[in-house]
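Heads up: the structure comes next, in structure tokens.
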Amino acid sequence: MKPGRAARLCFLLLCLCCAGCTGWQSAMDPQGPAARRLDQLFWLFTGTAALIWLLVMLVLALALLRRRMPPEAVAEHRSTVAVGGAVAATVLIITGLTFASYLATRQDSAGHADALVIRVRGFQWWWEVTYPDAAPDHSFLTANEIHIPVGRPVRIELAAADVIHSFWVPNLAGKQDMIPGRDNALTFTVQQPGIYRGQCAEFCGLQHAHMALLVVAEPPEAFERWRAAQLAEAQAPRTPEAAEGQRLLEIKACGACHTVRGTAAAGTLGPDLTHLASRQYLAAGMLPVTRGALAAWIADPQTIKPGNNMPMVSLSADELQALSAYLVDLK
Amino acid sequence: MTALRCAALVVLALAGCKQEERAMRLDPPIAEAMDAVALMPDGIGGRPPEVHVAMGNPYRGNAYQISQGKRLYEWFNCRGCHADGGGGSGPALMDGWWRYGPDLVSIYVSIRDGRPNGMPPFRDRLTPEQIWQLTGYIQMMGAYSASAAAPGRNDRMFSRPSENRAPAAAPAPGQP
């Protein structure tokens, strides 16, 4: 390969890397003050390190080019100055960067009186999301999809049910671990409406890679509408087929782990399904919520997401049809 | 000569590639045939389906199948009555005493059809394959003998020895 072509190829590859800088899951595309501070910190560190590297290379190149040995006394004096300078510069740079880190993350732990509190609990391998409220009938549960109003601080209280997980929505904030028996919290504000993807950032078992969540930031009015819709009980079946689906959900093993408010299913081990079809994804970001995907998931969850805690429940083809018809209607 | 030795080593190392087989899901006709147990008229003891014999009794010696059985034990709340095997409102499963016999078929039928005085039937909740996995696990738990195949580790505190562990040797006379 000619040198010119190699250079062009390298340039092309570098350009491809730039695609990682934006998108719905990228720390390089910050959408709030907390993420922006982290982004600035990243560039500060990268810039400083690049500058030091360039300076060292420059000095090295000069030394190689000059190839002159000064008298011993002069050389000794110069090396003392060089070593002293390097030590001073190191101390200065480390102190400066430490201070910059402190400044960047100091505001993250500051409390906000009007913050919207959301509790997120990590399970193997999905997220339970609670919107608490002083009035118990105004708090509700959902899973894997967090809706937040734009412009209002959001305080996410983090906990874990089984092993250590980590909450990370790169566009919005840094990582925060979810540790069983220990309460962590994360506060951030989103300024742009949009959908941001997050992921578990602490290895938590076989399906760690398939533990995603969505943060949907919307204008306050839309958020209130969504909240009111979530507070409602599940959509009553509208067709005989869906009614049969609801009956199956109650008598089969589903209700042992899942809740559908307004029916007899009231299990608490799996995600709340009351408004399952209002979410975009199934099984923590694995499948879109469509009737086909729902049927496939129920028919054989262990092949789609091996190791997860949902057993295969024996259902005939007709029962599967009815159940998926009912679930896809739970808007 | 060195090349020959290297080749021999490589061939030996290849043996490490062999993994225990995991049958994720049975073929539907086999799964259906797995339910055809021949049972004695009194509901105790019988013969496993021929396909089970043909498959070489996979639910007792295969670590994956035993692990699945253990997960089903949790998922379907066997613990609710039988506790960790020690028994609660249901009988103990690990004291070596079986009301309906220790063989696989009796355990299978107990789970599938239920038994008097409280054991519910799981016919509609589990597939025959899942009942077999559970059967294998329960028989192993009750056997209380050493085994090379072990299920997964407990997620909660251990309230009894591991399923694949032999009982501690009885102390010799005169020893504390």
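The numbers here are math on the coordinates, done by the rules we state, and not lab data. Everything numeric here is computed off the predicted structure, so don't read it as measured data. We place every Cβ from the backbone using ideal geometry, glycine too, and count neighbours over all the protein chains shown.
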Helix B:128-143: inclination vs chain B longest Cα principal axis, degrees, rounded to 10, gives 90 degrees
Point-to-point label distance, B:ARG165-B:ARG25, nm (Cα→Cβ direction, 7 Å offset) = 3.7 nm
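Per the Cauchy relation, a quarter of the hull surface: what is the mean projected area of the convex hull of the alpha carbons in region A:116-220, in nm²?
6.2 nm²
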Over its Cα atoms, what ratio of radius of gyration to 2.2 N^0.38 Å does region A:240-327 give?
-> 0.98
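Kindly put A:THR268, A:THR130 in sequence by how many other C-beta atoms sit within 10 Å of each C-beta, fewest to most. Please list the in-between numbers first.
Working: A:THR268 11, A:THR130 18.
Listing A:THR268, A:THR130 from fewest to most nearby Cβ atoms yields A:THR268, A:THR130.
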Treating the angle as unsigned and between 0 and 90°, give the value, to the nearest 10°, between the Cα long axis of helix A:240-251 and the longest Cα principal axis of chain A.
-> 80 degrees
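Taking the radius of gyration and the Kirkwood hydrodynamic radius from Cα positions alone, what is the Rg/Rh ratio for chain B, to two decimal places?
1.08
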Considering only the other residues whose Cβ falls under 12 Å of the Cβ of A:GLU319, what net charge follows from Lys and Arg at +1 and Asp and Glu at -1?
-> -2
Stokes-Einstein diffusion coefficient of region A:166-269, Kirkwood radius over Cα pairs, 25 °C, 0.890 mPa s, in µm²/s | 144 µm²/s
By how many degrees, between 0 and 90 and to the nearest 10, does the Cα long axis of helix A:72-106 differ from the longest principal axis of chain A?
-> 20 degrees
Descending Cα extents along the principal axes, region A:33-105, whole Å = 56, 22, 6
Ranked list, fewest to most other Cβ atoms within 10 Å of each Cβ, for A:GLU233, A:GLU218 = A:GLU233, A:GLU218
Once region A:81-129 is represented by equal point scatterers at the alpha-carbon sites, with solvent omitted, what log10 I(q)/I(0) does the Debye formula produce at q = 0.25 Å⁻¹?
-> -0.91
Evaluate the relative contact order of chain B (contact order divided by residue number), counting alpha-carbon pairs under 8 angstrom at least 6 apart; express in whole percent.
-> 22 percent
When all alpha-carbon pairs of the protein assembly as shown are counted, what percent fall beyond 37 Å?
-> 50 percent
List A:LEU141, A:LEU13, B:LEU134 from most exposed to least, where exposure is judged by having the fewest other Cβ atoms within 10 Å.
-> A:LEU13, A:LEU141, B:LEU134
